[in-house]
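Working notes, beginning with the structure itself.
The values are calculated or read from the model by the stated rules, or taken from the named source; none is laboratory data. Computed from a prediction, not measured in an experiment: that's the story for all the values here. For neighbour counting, all protein chains shown are included, and Cβ atoms are generated from backbone atoms with ideal geometry for every residue, glycine included.
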Amino acid sequence: MKDYCVIDDLLTIKELRELSDEDLAKGIGVGRATIARWKSGQEDISEKHTKAIYEFAFRQGIRLNRIKERLFREDYANENSIVLFHGAKTEIQGKLSLDYSKEENDFGKGFYCGESLEQSAMFVAGYPKSSLYICKFSVDNELNHIRFNVDREWMLAVAYYRKRITAFKEDPTIRKILDKVSRADYFIAPIADNRMFQIIDEFIDGEITDIQCQHALSATNLGMQYVFVSQKALDKVEILRHCYLTDSEKQYYLTSKQEENRIGNDKVKMAKREYRGQGLYIDQILQ
């Protein structure tokens, strides 16, 4: 599925910066005749030159992926559809399937999408062959879904599927959550990253209360994700565009993530201190 629509993007770069074919060729590092062959379809664009095109765009200050995000949002604003983003460590091959998903995710096996392009890109920016996809989810009222907020129920659900509290499977609180979850085709839930798992681990290990954990997790503010856990729901997801992530763009996202983490860590420390002693510890919740 390596179709980046490079020619369309090449023409966009040319138009946005009002470049001649000669200027464009010089910026990419090819001859003007090569540009002409690409545009006419006489020659395919190599992987090397694809990289050069998108690096050139990024150096020119053209954020093609953000532009595509806004355009697709506008295109589907009046439809019963939601534009979402999926970051993958490698490339998606063939039809979307749950078979390629791991069990140890927030809600087990599923296809995970975020509401934000930038957040989805941040999660995979550190991988050399990562991909970013813009998707459309056609909302179907016949699908069962559950919306979680940053609260105790969500924290326990994530801890369970992350294999942290499987010993409490028969606890009434966990049983109630699992019964509820089992009926869903997809979830709308807060995004959890490694930093959030560390906070949840502190709660599971009895170091902080549920209230401290809840406010510390809220402080990370990573946004919401859609998790499609049934094939019936996944069949309503369509990939609209495979976005190219240049090395420069990946570094931009990694730098943004570092700054976001720094601010988030300070908020987490404040939340733990402000809500110290409030709420219940894990051994008071699960028996």
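Would the range 121-139 turn up any residue that is farther than 28 Å from Y253 by Cα and not in a helix (DSSP H, G or I)?
yes
Just name the residue that is farthest from L11 (Cα to Cα) out of those in the range 64-76 that are touching a residue at least 12 places away in the same chain (Cβ under 8 Å) and surrounded by fewer than 17 Cβ atoms within 10 Å (Cβ to Cβ).
Step by step, filter the range 64-76, then rank; the result is Y76.
Among the residues in the range 78-98, are any assigned to a helix (DSSP H, G or I) and assigned by TED's automatic domain parsing to the domain that holds Q278?
Step one: filter the range 78-98 for residues assigned to a helix (DSSP H, G or I), giving 98.
From what's left, assigned by TED's automatic domain parsing to the domain that holds Q278: 98.
Yes; the residues of the range 78-98 include at least one that is assigned to a helix (DSSP H, G or I) and assigned by TED's automatic domain parsing to the domain that holds Q278.
Is it the case, given these coordinates, that Y253 is crowded, with 19+ Cβ neighbours inside 10 Å, touching a strand residue (DSSP E or B) at 6+ places or on another chain (Cβ under 6 Å) and hydroxyl-bearing (S, T, Y)?
Working: crowded, with 19+ Cβ neighbours inside 10 Å: yes; touching a strand residue (DSSP E or B) at 6+ places or on another chain (Cβ under 6 Å): no; hydroxyl-bearing (S, T, Y): yes.
No.
Yes/no matrix, rows are residues, columns are (1) modelled with pLDDT under 95; (2) under 17 Å from the mean Cα position of the chain (by Cα); (3) of a type in the set (S, T, N, Q):
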{"site": "G31", "(1), (2), (3)": "yes, no, no"}
{"site": "D44", "(1), (2), (3)": "yes, no, no"}
{"site": "L71", "(1), (2), (3)": "yes, no, no"}
{"site": "N78", "(1), (2), (3)": "yes, no, yes"}
{"site": "F85", "(1), (2), (3)": "no, yes, no"}
{"site": "Q93", "(1), (2), (3)": "yes, no, yes"}
{"site": "G108", "(1), (2), (3)": "yes, yes, no"}
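So how many residues does the range 77-121 have that are in contact (Cβ under 8 Å) with a residue 12 or more places away in the chain and surrounded by 15 or more Cβ atoms within 10 Å (Cβ to Cβ)?
Final tally of qualifying residues: 28.
Within the range 122-131, work out how many residues are more than 17 Å from R195 (Cα to Cα) and crowded, with 22+ Cβ neighbours inside 10 Å.
Qualifying residue count for the region: 0.
Out of the residues in the range 1-20 meeting the condition of being assigned to a helix (DSSP H, G or I) and surrounded by 15 or more Cβ atoms within 10 Å (Cβ to Cβ), tell me which one is farthest from the chain's Cα centre (by Cα). Working first, answer last.
To start, the set of residues in the range 1-20 that are assigned to a helix (DSSP H, G or I) comprises 6-16.
Okay, now just the ones that are also surrounded by 15 or more Cβ atoms within 10 Å (Cβ to Cβ), so 6, 9-10, 12-14.
Values: V6: 23, D9: 23, L10: 26, T12: 26, I13: 26, K14: 30 Å.
Among them, the one singled out is K14.
Check whether at least one residue in the range 57-64 is under 12 Å from the mean Cα position of the chain (by Cα) and either at pLDDT 90 or above or part of a helix (DSSP H, G or I) (or both), and report yes or no.
Quick first cut of the range 57-64, residues under 12 Å from the mean Cα position of the chain (by Cα) only: none.
Checked the range 57-64: no residue is under 12 Å from the mean Cα position of the chain (by Cα) and either at pLDDT 90 or above or part of a helix (DSSP H, G or I) (or both).
Restricting to the range 213-229, and then to whatever is small (G, A, S) and surrounded by 15 or more Cβ atoms within 10 Å (Cβ to Cβ), can you tell me which residue is modelled with the highest pLDDT?
Looking at residues that are small (G, A, S) and surrounded by 15 or more Cβ atoms within 10 Å (Cβ to Cβ), I get A216.
Would you please name the residue that is nearest to N78 (Cα to Cα), looking only at residues in the range 140-174 that are among the aromatic types (F, W, Y) and outside any loop (DSSP other than H, G, I, E, B)?
So, considering only residues that are among the aromatic types (F, W, Y) and outside any loop (DSSP other than H, G, I, E, B), the one nearest to N78 (Cα to Cα) is W154.
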